[in-house]
Structures are given as structure tokens and as C-alpha cells.
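Since the structure comes first, as C-alpha cells, the remarks are kept for the end.
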Amino acid sequence: MALTPIHITVDCNDVATVAGFWSAALQRPVDSQSEEVAEIPGGETGSTGWLFIRVPEGKTAKNRLHIDFGTADREAEVARLLALGARRIGDYDEWGAVWTTLADVEGNEFCVVQRS
């Protein structure tokens, strides 16, 4: 038996703002939303859904787990995400890979990796 990811879950304070950022970033619509929870479903493409849950505490430290997104044009994708409200944390060239670490509108880190 194997595990299958159903959702990537993001704890957040402002569900609408964070879900809206990720909806625009992923270019996928928010399907259901309340003040407490929102979902971007995985859909028929087999992609994993995203779930945004309101929590009372804010983010206080670096994520222990984050998502790497691959793209053929890292700088163009980073520019698009910055225009949506992401914040650039740093650019890196290590271990045979080039990537940019960003933070979403509530500080959750993720990376954009240049694919060859």
C-alpha cells in the first residue's frame, strides 16, 4: 500500500488572502471558502489539492517542510510571484541546482527551481 497526497495544507491567519495568493500562483481556482477554511481542489489532472485553514497563531520560524516548484524560466516565474505579493528570501546555486526561495503573503517559504 502506498501513500497518496490529498492536500497540501497551509495554516494561515487570513484564509482569503493566502488562498487568493496561491490560487493566482498555481493558476487554479478556489473552489470553496469560508473565514475558517478554503480549498483549491486537485481536480482531474491528478494534481494534489491545497487546503487553507485558519489558525490563531502566526508563523514564528523557518518551515521544516516546504514545496519546490520546477519551471523552465525561473526569473520570469519569480517576477510573476513577486508581483502577486511573494517576498524574495534568497537565490541559491548549490548541489547542481539553481533556485530562488520565496515567502508567500504570510511568510510560508517555498522554492522555484530552474529545470534544465
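The values are calculated or read from the model by the stated rules, or taken from the named source; none is laboratory data. This structure is a prediction, so every number in the text was calculated from the model and none was measured. Here the Cβ is made from the backbone with ideal geometry for all residues, glycine too, and neighbour counts use every protein chain on show.
For residues that are without any contact (Cβ under 8 Å) to a residue 40 or more places away in the chain and closer than 24 Å to residue 70 by Cα, scanning just region 16-33, find the one that is surrounded by the most Cβ atoms within 10 Å (Cβ to Cβ).
Among residues in region 16-33 that are without any contact (Cβ under 8 Å) to a residue 40 or more places away in the chain and closer than 24 Å to residue 70 by Cα, the one surrounded by the most Cβ atoms within 10 Å (Cβ to Cβ) is 19.
I need a count of the residues in region 51-108 that are farther than 19 Å from residue 25 by Cβ, charged (D, E, K, R), under 17 Å from the mean Cα position of the chain (by Cα) and at pLDDT below 90.
Going residue by residue through region 51-108, those that are farther than 19 Å from residue 25 by Cβ are 54-58, 60-62, 64, 92-98.
Within this subset, residues satisfying the condition of being charged (D, E, K, R) are 54, 57, 62, 64, 93-94.
Subsequent filtering for residues that are under 17 Å from the mean Cα position of the chain (by Cα) retains 54, 62, 64.
If we keep only those that are at pLDDT below 90 as well, we get 62, 64.
The total comes to 2.
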(message) What's the total number of residues in region 80-116 that are of a type in the set (Gly, Ala, Ser), under 22 Å from residue 58 (Cβ atoms) and in contact (Cβ under 8 Å) with a residue 12 or more places away in the chain?
(response) 4
(request) Have a look at 37, 18 and point out the one that is more than 16 Å from residue 109 (Cα to Cα) and under 17 Å from the mean Cα position of the chain (by Cα). (result) 37
(request) Residue by residue through region 1-13, note down the ones that are in contact with a Phe, Trp or Tyr (Cβ under 9 Å, 6 or more places away or on another chain) and in contact (Cβ under 8 Å) with a residue 60 or more places away in the chain. (result) 10, 12
(request) Looking only at region 29-40, decide whether some residue is more than 18 Å from residue 6 (Cβ to Cβ), β-branched (Val, Ile, Thr) and modelled with pLDDT of 85 or more. (result) no
